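The values are calculated or read from the model by the stated rules, or taken from the named source; none is laboratory data. Since we're looking at a predicted model, the values are computed, not measured. When we count neighbours, we look across all protein chains shown, and the Cβ atoms used for this are built from the backbone with ideal geometry, even at glycine.
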Amino acid sequence: MYNNYVFVYLERCDMKKITCIVALACSALSFGSFDLMYLPDVSGTKVHRFDPVNRVYLGSISTPTARQVAASSASPYIFVSNGITPLGLGALYEGSTGNYINSGTNGYASPSFSETGSDVWALGSTTTVRKNSLPTLNSAGQFSVTGYTEIFGLAPVGNNVAVVGAATNGDILFSLYSTTGTSLATRVMSTAATVAANPCLRGMALSVALDGTAHLAFANRTNTGTVKLNSILVNGATLGSNFSFTLTGFSTASVGNASVMAAHNGTFYVAGADATTPTLTRIQHWNLATVSITLADYTTNSLSVPSTVQWSGATFLAPEPGSMVGIGVGLLVLLRRRRA
């Protein structure tokens, strides 16, 4: 009903004015948009909010269990975990205000939102993947993975769930499961001889490219003490190409070196303690579609992330400026048709 009134009003307006209004609105939305990064503090008592594009600190959310964070542009919430399995604590907050919503003790290590934002997946134990409904955090199903001694990261991908972790023989495995626990595909990402004793860094990120291809990325420690960034493509239930390379600029002192987080169009952010000055946080932006291309690399003293414990951050991705322009163009086309 209200849409009819809107179009009646618009049809009576001058088309040039409408064009200007739409253009200005799109410009405002484009320049006003930003990506929001949620990073646990080194103290574990709060989650920092940081704009990695404009490099602006936006305050923090107080929480007693901030080690691992999950966020999604499809959800108004962020999920914060202390990262301890199998009886880890987890809490749900409003991402914009920091208001507390709910908490639970079912085990919530390596949390990750579904693509719809209606659920948060996490580890109920070292090898059990559990789906938790929002905002109740009630269990909505779980399954166990085989061949692993510990899962370090997971990410829902469409109707499936990707996991990465340490295999029983010491290799790093990447596997794809259905949401009911059916094994779909597995690949060795690194052999035992090339990785550290405690190889994986917590978390795995999903970034969807413009062509719809799902890119997943995670980091691991090598037997030489360096940090390696890994990327793999997933198309439905099929694993595509994968490659890896060594990250530089991050602390390699312990198990908490760096966290990989989603960015736009198949790209990723990586954040961690700086190699030279650990109190600084280094942030990099990588295009991993086919080759490793650095889009940004800088440090900030606005916040300090953990470096001696396993941790993971997350991002809330603002709409692309291009999508805003598309909305404006679509509105103009619709208005012209109605005038005709």
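Annotations for the structure displayed:
- Restricted to region 237-278, and to residues there that are of a type in the set (V, I, T) and in a loop (DSSP other than H, G, I, E, B), the residue that is surrounded by the fewest Cβ atoms within 10 Å (Cβ to Cβ) is T276.
- Set side by side, the residues A219, A167, A185, A197 differ, and just one is hydrophobic (A, V, I, L, M, F, W, C) and within 21 Å of Q68 (Cα to Cα), which is A219.
- Restricting attention to region 222-236 and to residues that are among the small types (G, A, S) and either part of a strand (DSSP E or B) or closer than 23 Å to V161 by Cα (or both), the residue that is modelled with the lowest pLDDT turns out to be G236.
- Among the residues of region 118-175, those identified as among the charged types (D, E, K, R) and in a strand (DSSP E or B) are D119, R130, K131, E150.
- With respect to (1) more than 17 Å from Y148 (Cα to Cα); (2) surrounded by fewer than 22 Cβ atoms within 10 Å (Cβ to Cβ), the lone exception for A217 is condition (2).
- Residues that are in a strand (DSSP E or B) and exposed (fewer than 14 other Cβ atoms within 10 Å of the Cβ), drawn from region 66-89: none
- Flag for T186 being assigned by TED's automatic domain parsing to the domain that holds A122 and outside any strand (DSSP E or B): no
Per-residue answers, yes or no, for (1) touching a Pro at 6+ places or on another chain (Cβ under 6 Å); (2) surrounded by 20 or more Cβ atoms within 10 Å (Cβ to Cβ):
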| residue | (1), (2) |
| --- | --- |
| V53 | no, no |
| P64 | no, no |
| A91 | no, yes |
| T97 | no, no |
| P111 | no, yes |
| V120 | yes, yes |
| V129 | no, yes |
| S139 | no, no |
| Q142 | no, no |
